[in-house]
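One structure is given here, and the rest of the page talks about it.
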Amino acid sequence: MEVEVKDGQTLADIAIQEYGSLEALPALAAANAIGMTDTLEAGSRLQLPDVSFNRLIQQYCKANDVSPATEKGMTDVKLRVFGGEFAPQFN
């Protein structure tokens, strides 16, 4: 499978979006022959290795179209990403 990188996404963002865990970061980097901190180009496509880490958050992200993009710093913005079942608020 593949995923298209959105503007401002890092490999860590993709790991959360697609696997629900930062633990997927090394496998994702290795599958695409890139460094874990490399800058990603919007519109590029990444290969998704067939691994599993946190199915609960993975399913939540897919069901709610959660796609973090943390590379572009946005000040004075608070995002509520997950519902009350995870935590009251993520800053």
Query raised in the report: Restricting to segment 65-76, what's the tally of residues that are surrounded by fewer than 13 Cβ atoms within 10 Å (Cβ to Cβ) and among the acidic types (Asp, Glu)?
Result: 2
Requested in this report: Considering only segment 27-64, state which residues are modelled with pLDDT of 90 or more, surrounded by 14 or more Cβ atoms within 10 Å (Cβ to Cβ) and not in a loop (DSSP other than H, G, I, E, B).
Outcome: Ala27, Leu28, Ala29, Ala31, Leu46
Report summary line: Per the list (1) modelled with pLDDT under 95; (2) under 22 Å from Lys72 (Cβ atoms), residue check on Glu23 breaks on (2)
Report summary line: Residue pairs qualifying under the 7 Å Cβ cut-off, at least six apart or on distinct chains, with the first in segment 17-36 being at positive phi and the second being part of a helix (DSSP H, G or I), are Gly20/Arg55; Gly20/Leu56; Gly20/Ile57; Gly20/Gln58; Gly20/Cys61
**Report entry** In segment 11-35, residue farthest from the chain's Cα centre (by Cα) [restricted to those that are under 19 Å from Asp65 (Cα atoms) and of a type in the set (Asp, Glu)]
**Finding:** Glu18
Query raised in the report: Mind checking which pairs have a first residue in segment 1-16 that is within 14 Å of Ser44 (Cα to Cα) and a second that is in a helix (DSSP H, G or I) and of a type in the set (D, E, K, R), Cβ under 8 Å, 6 or more apart or different chains?
Result: Val3/Glu18
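The values are calculated or read from the model by the stated rules, or taken from the named source; none is laboratory data. All values derive from a computational prediction rather than experimental measurement. Cβ: placed from backbone, ideal geometry, glycine included. Neighbour counts: every protein chain shown.
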